[in-house]
1. Any idea which of Lys83, Lys96 is over 15 Å from Gln168 (Cα atoms) and either surrounded by 20 or more Cβ atoms within 10 Å (Cβ to Cβ) or of a type outside the set (A, V, I, L, M, F, W, C) (or both)?
2. Has the stretch 273-283 got at least one residue that is surrounded by 15 or more Cβ atoms within 10 Å (Cβ to Cβ), charged (D, E, K, R) and in a loop (DSSP other than H, G, I, E, B)?
3. If a residue has to be within 22 Å of Gly95 (Cα to Cα), among the small types (Gly, Ala, Ser) and in contact (Cβ under 8 Å) with a residue 60 or more places away in the chain to count, how many in the stretch 155-188 make the cut?
4. Does Asn46 meet the test of being surrounded by 12 or more Cβ atoms within 10 Å (Cβ to Cβ), at pLDDT below 90 and under 20 Å from the mean Cα position of the chain (by Cα)?
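The values are calculated or read from the model by the stated rules, or taken from the named source; none is laboratory data. Here the structure is a predicted model, which means the values were calculated and not measured. Positions of Cβ are backbone-derived with ideal geometry, glycine not excepted, and every protein chain shown enters the neighbour counts.
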Amino acid sequence: MKTRLFVFLLLIFAFTESKAQYYFFNGDYYENNLLVEVGGSFGAMNAFTDLGGRRGIGKKFIKDFNIKNTRIQGGLFVGLMFKNSVGLRLEATFGKVTAYDSILRKVAPSTNGRYERNLEFKSPISEIALMGEFHPFEMFGNYGEDRYPPEVSPYIVAGVGFFKFNPQATLNGGLVDLHPLRTEGQGFAEYPRAKEYSLRQMSFPFGAGARYDISVTTNIRVEIIYRFTTTDYLDDVSGKYIDPIYFANYLSGYQLNQALLLHDRHIPGAKYSTAHPDGVRGNPNNKDGYVTLNLKLGLTIGRDRR
C-alpha cells in the first residue's frame with residue numbers, strides 16, 4: 001500500500017513539473033515549488049458500528065448515521081505541498097466514539113430487536129495517519145503572474161493509518177473495559193470461530209475538503225474524512241451470543257461477574273429478543289468505521305517576498 005502511494009505521488013509530481021505553473025502567490029510573494037504546512041484541527045467525530053443507528057433493521061454507512069452520537073475531536077498535522085497541487089501529510093487525531101441501542105426507543109418496533117438488545121459502548125480513539133492530497137483546480141489550472149490561483153481550493157485526500165481504541169461500557173456508574181471480558185467467547189475453545197481482536201488496527205482514510213488562504217502564511221480548511229477499518233469490534237459487538245456457563249472456564253472474580261452482566265443486557269420481558277446462545281448479537285459481515293468533520297488552521301512556510 002505504501003509503495004503504491006509513493007509511486008502515485010511520484011507520477012503526479014512528474015506530471016505537474018511538465019506543466020506551466022504559476023510562480024507568484026500574489027503581487028508581493030513568490031510561490032515556491034515546495035511548501036511546508038503545520039497546524040491543528042478541531043471538530044466532530046462519529047462512528048458506524050453494530051450498535052445504535054436509526055430506524056429499521058440496520059443499514060450500511062450513512063443510512064444508519066445518528067447525529068446524536070457525535071463527539072468532539074482534535075488533532076495536529078505537518079505536511080509538504082508541491083506547487084500547491086499535491087501534498088503529503090502526517091496527522092494525529094484524538095477523539096471519542098460512542099453508540100447505544102436505547103437511542104432507538106422511539107422507533108423500537110422497526111428495529112428487529114436492536115432496541116431490545118440494549119447494548120452500548122464508548123471508546124477513545126488515537127490515530128496516526130499518512131495521507132496524500134490532490135488539488136485538481138491547482139494542478140490543472142494554468143496560472144501566471146497576471147492570473148493567480150483560486151482563493152478556495154477543493155481537494156480529495158486518502159491514505160493509511162493506525163489507530164488505538166478501547167471499547168467500554170457503563171456498569172454501576174463506572175466504565176468497564178470490554179476487551180478483557182471476551183463477551184462473544186473470543187479465544188474460547190468452545191467457540192473456535194470467535195477470534196481475539198487487537199486494540200490496535202489499521203485505518204484507511206478517504207475524504208474531501210476545501211482550503212482557503214487567509215494570508216500568505218495562514219490558511220483554513222474544512223474537511224470530512226471517513227475511515228474504513230480492519231475491525232468489526234470497535235464496539236465489542238460482531239457475532240453471536242454465547243452460552244454464559246463458559247465464562248467461568250476462563251474468567252474469575254470481578255471479571256467473571258462483569259462478563260455475565262455485560263455480554264447480555266437485553267430488556268427483560270422484551271417481545272423480540274435474540275439474546276440466547278447462538279442468537280444474533282451483531283453483523284460480522286460489515287467492518288466498523290468512523291468519520292470526522294474538521295475545521296483546520298494551518299501555517300504555511302516557504303513563500304518568499306518579491
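1. Numbers: Lys96 fails: over 15 Å from Gln168 (Cα atoms).
Lys83 is the lone residue from the list that is over 15 Å from Gln168 (Cα atoms) and either surrounded by 20 or more Cβ atoms within 10 Å (Cβ to Cβ) or of a type outside the set (A, V, I, L, M, F, W, C) (or both).
2. yes
3. Residues that pass the stated criteria total 3.
4. On the way: surrounded by 12 or more Cβ atoms within 10 Å (Cβ to Cβ): yes; at pLDDT below 90: no; under 20 Å from the mean Cα position of the chain (by Cα): yes.
Considered against the rule, which asks whether it is surrounded by 12 or more Cβ atoms within 10 Å (Cβ to Cβ), at pLDDT below 90 and under 20 Å from the mean Cα position of the chain (by Cα), Asn46 comes out as no.
To keep it simple, each residue is scored yes or no on (1) in contact with a helix residue (DSSP H, G or I) (Cβ under 8 Å, 6 or more places away or on another chain); (2) on the phi > 0 side of the Ramachandran plot; (3) buried (at least 17 other Cβ atoms within 10 Å of the Cβ).
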{"position": "Lys195", "(1), (2), (3)": "no, no, no"}
{"position": "Met202", "(1), (2), (3)": "no, no, no"}
{"position": "Asp236", "(1), (2), (3)": "yes, yes, yes"}
{"position": "Phe247", "(1), (2), (3)": "yes, no, yes"}
{"position": "His263", "(1), (2), (3)": "yes, no, yes"}
{"position": "Ala270", "(1), (2), (3)": "yes, no, no"}
{"position": "Lys296", "(1), (2), (3)": "no, no, yes"}
